[in-house]
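In what follows, a structure is listed as structure tokens, so that the remarks can point back to it.
Derivation of every value follows stated rules applied to the coordinates shown; laboratory data play no part. Since this is a predicted model, take the numbers as computed values, not measurements.
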Amino acid sequence: MDRSFVCPVCVAIVALLVGIYFWHSRAVQARQSDSVKLSPSSLLEFAYLMGDLKRTKRTGWVRKKVHEPESVADHMYRMAVMSWVFGDQLPHYNTDGATNTTSTSTAKLMKMALVHDMIEAICGDIVPIARISGVS
């Protein structure tokens, strides 16, 4: 599959996935016990799709001719670990002495770090410099 060209449909899919993620997060919080059971074949298909990210090299690294560029999966793993550590540490760095008025969910940070790159399994790694037809 040639991933050098990304169509507007891929951009729309990214927006849709992000919207679904945030809708799902709110829905889960609203009714924690009403989760949807996915079929084993859907779970397996998702696992294979995410496995493709191990072979998808980060475009910016490839464009700069970096020797042994990291994969999107490498990037996602590092971001999830950083979200876990930073999420746990964030409350300790409240320097103004005020009570923290926002709740920081480490699990939510980790999910956001992972979900933001999942679409790249379908349309490849998009960099800001890429020309995307039909998108301004």
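Here is the P(r) of segment 45-98: all C-alpha pair distances, binned every 5 Å from 0, give 4, 17, 16, 16, 14, 12, 8, 7, 5, 1 in whole percents. For the pair Leu114 and Asp88, the difference between a 0.36 nm per residue extended length and the Cα-Cα distance amounts to 7.7 nm.
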